[in-house]
Amino acid sequence: MLFDLHAHSSGISHCCRIPAEEVIHRALAVGLDGIVLTNHYQDLRNYFNGGSCDDFARRYVAEYEYAKQWGEKLGCRVLFGVEVTMEQYNNEHLLVYGVSPNFVLVHPDLYDMTQKDLYAAVKAEGGAVIQAHSLRKGSNVLMDPSFLDGVELNCHPGYDGTHAEELAEFAVKHGSILTCGGDYHADTYRPHCGVSLPDTVQTEADLAAYLRNTEQIDLRIHEPNSQEYTELTFLRGKGLIKPTVYPLSQKDIEKEIQFT
């Protein structure tokens, strides 16, 4: 199963231009079997001009439930996730996997946690924490690896590349995993990218356990504005192997134009 582990919808992520049902339509159009809905979770003073954390948490869960219903209707699995803006760390972002929607109801102000405390809260739920779009746009910030399960190769076309080699070196050094996500907001074409998951991954808990424990992960990456994508394997503690490059078909390119 090919999953994009980093997707947004406009019901919560204001920077996303399309609603959940269209996000799912476009995911299916590029061959994805599922997505993890990782909408933004950040300080309401900066993102929602105030309001109650508890109210926002309830809205956050409702948006996921809405997307999940559309996924069931259209034949796309939708799993719950969170993209947390870490206010204390120059707005670096962490992706949280493996927790239930109840997690944000219990921790409605999770954006205000330290990295260590967020990691502990996620671990208590059996989850996993991945640094999102690491090294994007010239950033050289990689967060404390003691409180990360991995780093993400991000294929958003607005960034300057996935930084696959540098991030693979970081992951090898710290015994962590690599993931891949499109960070799709419908502000660009829909990248052809994702993580190949075994059929045994059915739930959020399954996904987190897989990311924490697998020794090998197969990725599809799509460098910005390239007319080809690459399938490769990352071996924990060893690095990237078996890169195979595939040109995008004319049909795929037409889809990109449609989704621009």
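The values are calculated or read from the model by the stated rules, or taken from the named source; none is laboratory data. Just so we're clear, the structure is a prediction, and the values are computed from it rather than from any experiment. Here Cβ is always computed from backbone atoms with ideal geometry, including for glycine, and neighbour counts include all displayed protein chains. Quick note on the areas: whole protein, heavy atoms, side chains included, nothing else; ligands and nucleic acids left out. Shrake-Rupley method; radii C 1.70, N 1.55, O 1.52, S 1.80 Å.
I need the full set of residues from the stretch 11-29 which are assigned to a loop (DSSP other than H, G, I, E, B), open to solvent by 40 Å² or more (accessible area, probe 1.4 Å), touching a residue at least 12 places away in the same chain (Cβ under 8 Å) and over 22 Å from Gln131 (Cα atoms), in order please.
Listed by number, the list holds a single entry, Arg17.
May I ask you to list the residues in the stretch 180-229 that are assigned to a strand (DSSP E or B) and surrounded by fewer than 20 Cβ atoms within 10 Å (Cβ to Cβ)?
The answer is Ser196, Gln216, Asp218, Glu228.
From Thr244, Thr233, which residue is at pLDDT 95 or above, open to solvent by less than 80 Å² (accessible area, probe 1.4 Å) and either out of contact with any Phe, Trp or Tyr (no Cβ under 8 Å at 6 or more places or on another chain) or not aliphatic (A, V, I, L, M) (or both)?
Just a single option satisfies the conditions, and that option is Thr233.
Which condition from (1) more than 24 Å from His14 (Cα to Cα); (2) touching a residue at least 24 places away in the same chain (Cβ under 8 Å); (3) among the β-branched types (Val, Ile, Thr) is the one that Thr188 breaks?
Condition (1) is where Thr188 drops out.
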